[in-house]
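Computed from the coordinates by the stated procedures, all read-outs in this text should not be read as laboratory data. The model shown is predicted, which means the values in this text are computed figures rather than measured ones. Because the Cβ atoms are built from the backbone with ideal geometry, glycine has one as well, and the counts that use them run over all protein chains shown.
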Amino acid sequence: AQSVTQLGSHVSVSEGALVLLRCNYSSSVPPYLFWYVQYPNQGLQLLLKYTSAATLVKGINGFEAEFKKSETSFHLTKPSAHMSDAAEYFCALRYGGYQKVTFGTGTKLQVIP
Amino acid sequence: NAGVTQTPKFQVLKTGQSMTLQCAQDMNHEYMSWYRQDPGMGLRLIHYSVGAGITDQGEVPNGYNVSRSTTEDFPLRLLSAAPSQTSVYFCASSPTSGDRREQYFGPGTRLTVT
């Protein structure tokens, strides 16, 4: 069965520091992977997606993620955190040709001034 | 395009009451889905539809009904509300072909059942 695991329900970083949010997946076939961001009291917005074209994926707001098949990981990074990055981040997996998407439990990012 | 719209934004129900959460999209997407979001549990799929007239159950369907009579609309019905259904509900849509198959989310409906 397909699944997504996000390590760390809360992550705190200082403004200007590296952001690293971890996501591991389980899938028996090549997955489509996504990162979404949710700001308080809003819906989810797509940050970036992996669709097998390139293992390093760049998204909006300076975020990027690298697909590592050997580690079954799709960690999200940003070189320098900004106060506006404070939000909840969700990793998600779509299974091959299916439309259903499985979400991780989310990681809340706090940015400390 | 308005994207995905949901009404109402907030709702308070008493136990046993019924109601319908509305969802509409104007992107001509075939796939639509309903999720509930609870603290520490991420988003869980309630029901989904791959086109008009076709619906199926997701991970947590009990207590909810859906129908899809048009491409645009995908309402979620709570048959007899229970406190366990207190949650934030999100509707999402996506195309079923092409590379751009990411989901587009509505702003959510915050439901409280007392």
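Some notes on this structure:
- Principal axis extents of the Cα atoms in the protein assembly as shown, from largest to smallest and rounded to whole angstrom, are 49, 39, 35.
- 17 Å cut-off, amide nitrogen to a point 7 angstrom out along A:Asn41 Cα→Cβ, residues in the range B:8-33: B:8-12
- Amide H to amide H distances under 5 Å link B:Ala81 with B:Gly16, B:Gln17, B:Ser18, where only residues 5 or more positions off or on other chains count and H is placed in the peptide plane.
- Computed on the Cα atoms alone, the convex hull of the range B:27-87 gives a volume of 83 cubic angstrom per residue.
- Most mobile listed residue (A:Ala53, A:Ala17, A:Ala87) in chain A, GNM with C-alpha springs under 10 Å: A:Ala53
- Projected label distance in nm at A:Lys68 and B:Asp56, using a 7 Å step from Cα toward the beta-carbon: 3.4 nm
- Applying a DSSP loop filter and a limit of 14 other Cβ atoms within 10 Å to the chymotrypsin sites (Phe, Trp or Tyr not before Pro) in the range B:51-107 leaves nothing.
- When each of A:Lys69/A:Lys108; A:Lys78/A:Lys100; A:Lys49/A:Lys78; A:Lys49/A:Lys100 is checked by Cα-Cα distance, pairs over 21 Å: A:Lys69/A:Lys108; A:Lys78/A:Lys100
- A Cβ-based charge dipole, computed about the Cα centre of the range A:40-113 with Lys and Arg at +1 and Asp and Glu at -1, lands at about 220 debye.
- The length gained on full extension between B:Met27 and B:Ser69, counted as 0.36 nm times the residue separation minus their Cα-Cα distance, comes to 13.5 nm.
- Selection among B:Val4, B:Val60, B:Thr71 by position relative to the dipole of the range B:1-79 gives B:Val60 as farthest towards the positive end (Cβ unit charges, Cα centre).
- The label point for A:Leu56 and the one for B:Thr112, both projected 7 Å from the Cα toward the Cβ, are 4.8 nm apart.
- Cα-based Rg of the range A:61-113 normalised by 2.2 N^0.38 Å, two decimals: 1.34
- Dipole of the range A:20-113 computed with +1 at Lys/Arg Cβ and -1 at Asp/Glu Cβ about the Cα centre; of A:Leu20, A:Val101, A:Asn61, farthest Cα towards the positive end is A:Val101.
- Taking only the alpha carbons of chain A, we obtain Rg and Dmax values of 13.4, 43 Å in that order.
- At q = 0.17 Å⁻¹, base-10 log of I(q)/I(0) for chain B (Debye sum, equal scatterers on each alpha carbon): -0.76
- About its Cα centre, chain B has a charge dipole of approximately 400 debye under the convention of +1 per Lys or Arg Cβ and -1 per Asp or Glu Cβ, with nothing else charged.
- Sum of side-chain charges, B:Tyr89 neighbourhood, beta-carbon under 12 Å (Lys, Arg +1; Asp, Glu -1): +4
- Convex hull volume per residue for the range A:1-47, taking Cα atoms only, in Å³: 120 Å³
- The mean number of Cβ atoms from other chains found within 10 Å of a Cβ in peptide B:27-37 is 2, as a whole number.
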